[in-house]
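Asks: Take a look at the following structure, please.
The values are calculated or read from the model by the stated rules, or taken from the named source; none is laboratory data. It should be emphasised that the depicted structure is a prediction, and the values quoted were computed from it without experimental measurement. Every residue, glycine as well, gets a Cβ built from its backbone with ideal geometry; the counts of neighbours run over all protein chains shown. Ligands, DNA and RNA are stripped out before the accessible areas are found, and what is left, the full protein with its side chains, is counted by its heavy atoms. Shrake-Rupley method; radii C 1.70, N 1.55, O 1.52, S 1.80 Å.
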Amino acid sequence: MTTGPFAGQAPGKLILCGEHAVVEGHAAIAAALPRFTTVTLLERPGPTSLSSDLRDERLLPALLTVVPRSGLEIEVHSELPVGCGLGSSAALAIATLRALAAREGREASFAELYERGFLIERAFHGNPSGVDHAVSALGGLVRYRRTDSGPEITPLHIVEPLTLVVVNTGTPAFTTAQMVERVRLRGSSRELAAIGALVSEITEVLTTGGDQHRLGALLDQNHCWLQRIGVSTPELDRACAILRSAGSLGAKLAGAGGGGVAFGLCTPGSAPGVHAEATAAGLAAFTVIIR
Ligand code: PMV
């Protein structure tokens, strides 16, 4: 009988549009990123323990919502920085559930990953919308909306690939749960509805092969609404300004805000220059193509 180790892997994500509004039941669009978290389970006597290159004290308590409390060592390796809006906790959740299923000699279904993924995501984020781990589990580009009768999860088939330069302004001072609570206390329904309307327009542009300049303008507008609900920062605004002046067609923060990442929509030709200018301005950058 095999005793492992048992491994699972899952990607991070980037929210293209609709963050925060998605918590209120509007749609968001997010893409899986080619950056991964790998979880390995090793059979060990004694209480379940953790060895990880991620520095986050919430990690073990969150994992123990699904992993047995004794008999395992959990190894976590991640290419995703923690708490920067790139879906590190969601990737952790899905990778862990895949490793657990592998230990049982099976593959986890999407339904299982989505339902049980919430247990880990709630331990990190309070009451998350579910978009992050839905995208991590499904991969690709996804339109996500939470309704009273369950989630609407639609894979999006886009006509033109998206070339994005992603920059990281550093770890936010506040957690996703704190940022979501701040937006709730502010009473931002009108702004969140406006973001929801933008997501509908962006969906149409993406799926009909509409003008990338129009898409860039819509992303800029999404960033403006995120500024108005108080989740952008001077560093994120500066990052977006650098991305735009370097040649991006539009730029916005991505994720809960308060710090973390922003991205610029580029053409394949402009991306290397935008990447280089962002790096020269001191921003950690990477380029990703979403298909
Ligand atoms: O945790 P982040 O930075 O990926 O943000 C998640 C997106 C929010 O809409 C702010 C929260 C949620 O649960 O959808």
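Asks: For the range 158-172, indicate whether the set of residues that are free of Cβ contacts under 8 Å to residues at least 40 places away in the same chain and either small (G, A, S) or over 18 Å from N222 (Cα atoms) (or both) is non-empty.
Replies: Checked against the condition, which is being free of Cβ contacts under 8 Å to residues at least 40 places away in the same chain and either small (G, A, S) or over 18 Å from N222 (Cα atoms) (or both), the range 158-172 yields no hits at all.
Asks: Out of the residues in the range 220-256 meeting the condition of being open to solvent by less than 10 Å² (accessible area, probe 1.4 Å) and over 14 Å from V166 (Cα atoms), tell me which one is farthest from the ligand (Cβ to nearest atom).
Replies: My answer is H223.
Asks: Given the criterion within 12 Å of the ligand (Cβ to nearest atom), over 15 Å from A21 (Cα atoms), out of contact with any helix residue (DSSP H, G or I) (no Cβ under 9 Å at 6 or more places or on another chain) and not assigned by TED's automatic domain parsing to the domain that holds L141, identify the matching residue among T171, T207, T175.
Replies: The conditions single out T171.
Asks: Quick one: would you say H157 is within 23 Å of F6 (Cα to Cα) and not polar (S, T, N, Q)?
Replies: Here the answer is no, as H157 does not meet what is asked.
Asks: Suppose we filter the range 30-59 for residues that are open to solvent by 50 Å² or more (accessible area, probe 1.4 Å) and aliphatic (A, V, I, L, M); how many remain?
Replies: Going through the range 30-59 one residue at a time, the tally reaches 1.
Asks: Collect the residues in the range 109-138 that are of a type in the set (G, A, S), surrounded by 15 or more Cβ atoms within 10 Å (Cβ to Cβ) and more than 15 Å from H26 (Cα to Cα), keeping them in residue-number order.
Replies: G117, A123, A134, S136, A137
Asks: For the range 1-76, please list each of the strands (runs of 3 or more DSSP E) lying entirely inside it that holds at least 1 residues being in contact with a Leu (Cβ under 7 Å, 6 or more places away or on another chain), of a type in the set (D, E, K, R) and in contact (Cβ under 8 Å) with a residue 12 or more places away in the chain.
Replies: Here the list reads 6-17, 28-47.
For (1) within 16 Å of the ligand (Cβ to nearest atom); (2) in the same structural domain as D148 (by TED's automatic domain parsing); (3) under 22 Å from S149 (Cβ atoms), each residue gets a yes or a no:
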{"position": "G85", "(1), (2), (3)": "yes, yes, no"}
{"position": "L92", "(1), (2), (3)": "yes, yes, no"}
{"position": "A101", "(1), (2), (3)": "no, yes, no"}
{"position": "G105", "(1), (2), (3)": "no, yes, no"}
{"position": "L113", "(1), (2), (3)": "no, yes, yes"}
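Asks: A follow-up question, please. Tell me yes or no: at least one residue of the range 42-51 is within 16 Å of the ligand (Cβ to nearest atom), of a type in the set (V, I, T) and assigned by TED's automatic domain parsing to the domain that holds A62.
Replies: Within the range 42-51 (the criterion being within 16 Å of the ligand (Cβ to nearest atom), of a type in the set (V, I, T) and assigned by TED's automatic domain parsing to the domain that holds A62), the answer is no, since none of the residues qualifies.
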